[in-house]
1. Within the range 293-302, is even one residue at negative phi, within 30 Å of the chain's Cα centre (by Cα), surrounded by fewer than 18 Cβ atoms within 10 Å (Cβ to Cβ) and assigned by TED's automatic domain parsing to the domain that holds A166?
2. Would you be able to say whether some residue in the range 279-287 is farther than 18 Å from W156 by Cβ, assigned to a loop (DSSP other than H, G, I, E, B), assigned by TED's automatic domain parsing to the domain that holds H173 and among the hydrophobic types (A, V, I, L, M, F, W, C)?
3. If the requirement is being of a type in the set (D, E), surrounded by fewer than 16 Cβ atoms within 10 Å (Cβ to Cβ) and farther than 20 Å from G264 by Cα, which of these qualifies: E246, E148, E219?
4. Pick out the one residue from A273, A236, A306, A257 that is under 25 Å from A187 (Cα atoms), small (G, A, S) and touching a strand residue (DSSP E or B) at 6+ places or on another chain (Cβ under 8 Å).
5. Could you list all residues from the range 232-246 that are closer than 18 Å to Q202 by Cα, in contact with a helix residue (DSSP H, G or I) (Cβ under 9 Å, 6 or more places away or on another chain) and not in a helix (DSSP H, G or I)?
6. What is the one condition in (1) buried (at least 16 other Cβ atoms within 10 Å of the Cβ); (2) under 17 Å from A165 (Cβ atoms) that Q259 does not satisfy?
7. On the basis of being of a type outside the set (D, E), at pLDDT 95 or above and either within 19 Å of Q202 (Cα to Cα) or assigned to a helix (DSSP H, G or I) (or both), does V50 make the cut?
8. Within the range 247-264, is there a residue that is modelled with pLDDT of 90 or more and within 23 Å of P206 (Cα to Cα)?
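The values are calculated or read from the model by the stated rules, or taken from the named source; none is laboratory data. Because the structure is a prediction, the values reported are computed rather than measured. With ideal geometry, Cβ positions are generated from the backbone for all residues, glycine too; neighbour counts draw on all protein chains shown.
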Amino acid sequence: MTSSAPIRFNRAAVAAVSAWVGVLVLLSHWLGQQAYRWLPVQASSAAPLVDDLFSLETAIACFVFVGVVSVMAYVLLFNRAEKYDMDDAAPVEGNTLLEIIWTVIPLVLVMAIAWTTIGVNREIGSIGPMDHSHGATSEAIAGAPTAEIQVIARQWSWEFRYPDAAVSSTELHLPAGRRVGLQLESADVIHGFYVPAFRLKQQVIPGRSIAFFITPTREGRYRLRDSEYSGTWFAANQVDVVVQSEDAYQDWLTRAATQPLRPGISDASREYAQQQSRLRSSGYPTVPPAPPPMVNVPGSNTLPHAG
């Protein structure tokens, strides 16, 4: 009875692979840290959590991508057939251990990303955060926190109403360091409330009133964009979000309440009027934009913003 030959390890190969894995780990960590620079400034309590998750996913993707490309490059460079070699390759039976390894590693990575994502969603309140009621009304449903600002999305303009101060605007003002409730409503089709600096996005659905909560953390001017395709001028459906101190916010509400109503910002209405005034039409049918909302403070969408 013969005994099987002991398994011999190529120490040089093991050392080389271990060193290369270490390089991949360092490279992935470095790229994960660089990922923070690719994003807008962090201006809400949710932003650091989302950015940490994005950094983790970037690092893992870098490790997997560079690792796979490294193996492919090694095989191409050092396991090539000789020139004019037309022989068939030697048959290779399946390797159970290798198959287990390349099945378990992706499973662990995917489950780790999923587990981390669920934890982030729970922490920022993105799992079940919406309190919504059918019928586009501004009334909060029973037992739900009261929203402070009513947000109305239209084709293609935004309107913000501050019920306690009886103020309306087409530029959203928020106090820094305080959780603020927004009551999101649509007057026509599905829109998307998205402020990149806040890292939060919420669909605005016609026929529903959705309570959405944000905690701004950084004073400044940011951009609110319509993240859902809602028609011809959806890309122009943008306004500024001004985050200011609590005192400055209350002072703005007081001053705004004394201003008369006037047309708010609506680039779509302006561009549509210019199009209609031309002698020749573009030939493409479009939905006429809703009239600009009448507000106390139109604001400005031409000032520089941080993100």
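1. There is no residue in the range 293-302 that is at negative phi, within 30 Å of the chain's Cα centre (by Cα), surrounded by fewer than 18 Cβ atoms within 10 Å (Cβ to Cβ) and assigned by TED's automatic domain parsing to the domain that holds A166.
2. From the range 279-287, those farther than 18 Å from W156 by Cβ are 279-281, 283; that's our starting set.
So of that shortlist, the ones also assigned to a loop (DSSP other than H, G, I, E, B) come out as 279-281, 283.
Within this subset, residues satisfying the condition of being assigned by TED's automatic domain parsing to the domain that holds H173 are 279-281, 283.
Subset that is among the hydrophobic types (A, V, I, L, M, F, W, C): 279.
Yes, the range 279-287 contains a residue that is farther than 18 Å from W156 by Cβ, assigned to a loop (DSSP other than H, G, I, E, B), assigned by TED's automatic domain parsing to the domain that holds H173 and among the hydrophobic types (A, V, I, L, M, F, W, C).
3. On the way: E148 fails: surrounded by fewer than 16 Cβ atoms within 10 Å (Cβ to Cβ); E219 fails: surrounded by fewer than 16 Cβ atoms within 10 Å (Cβ to Cβ).
Just one listed residue meets the conditions, E246.
4. Numbers: A273 fails: touching a strand residue (DSSP E or B) at 6+ places or on another chain (Cβ under 8 Å); A236 fails: touching a strand residue (DSSP E or B) at 6+ places or on another chain (Cβ under 8 Å); A306 fails: under 25 Å from A187 (Cα atoms).
Going through A273, A236, A306, A257 in turn, the sole match is A257.
5. N237, Q238, V241
6. Result: Q259 fails condition (1) only.
7. Values: of a type outside the set (D, E): yes; at pLDDT 95 or above: no; either within 19 Å of Q202 (Cα to Cα) or assigned to a helix (DSSP H, G or I) (or both): yes.
Criteria not met by V50.
8. Initially, the range 247-264 is screened for residues modelled with pLDDT of 90 or more, giving 247-264.
Then drop every residue that is not within 23 Å of P206 (Cα to Cα), which leaves 264.
Yes - at least one qualifying residue is present in the range 247-264.
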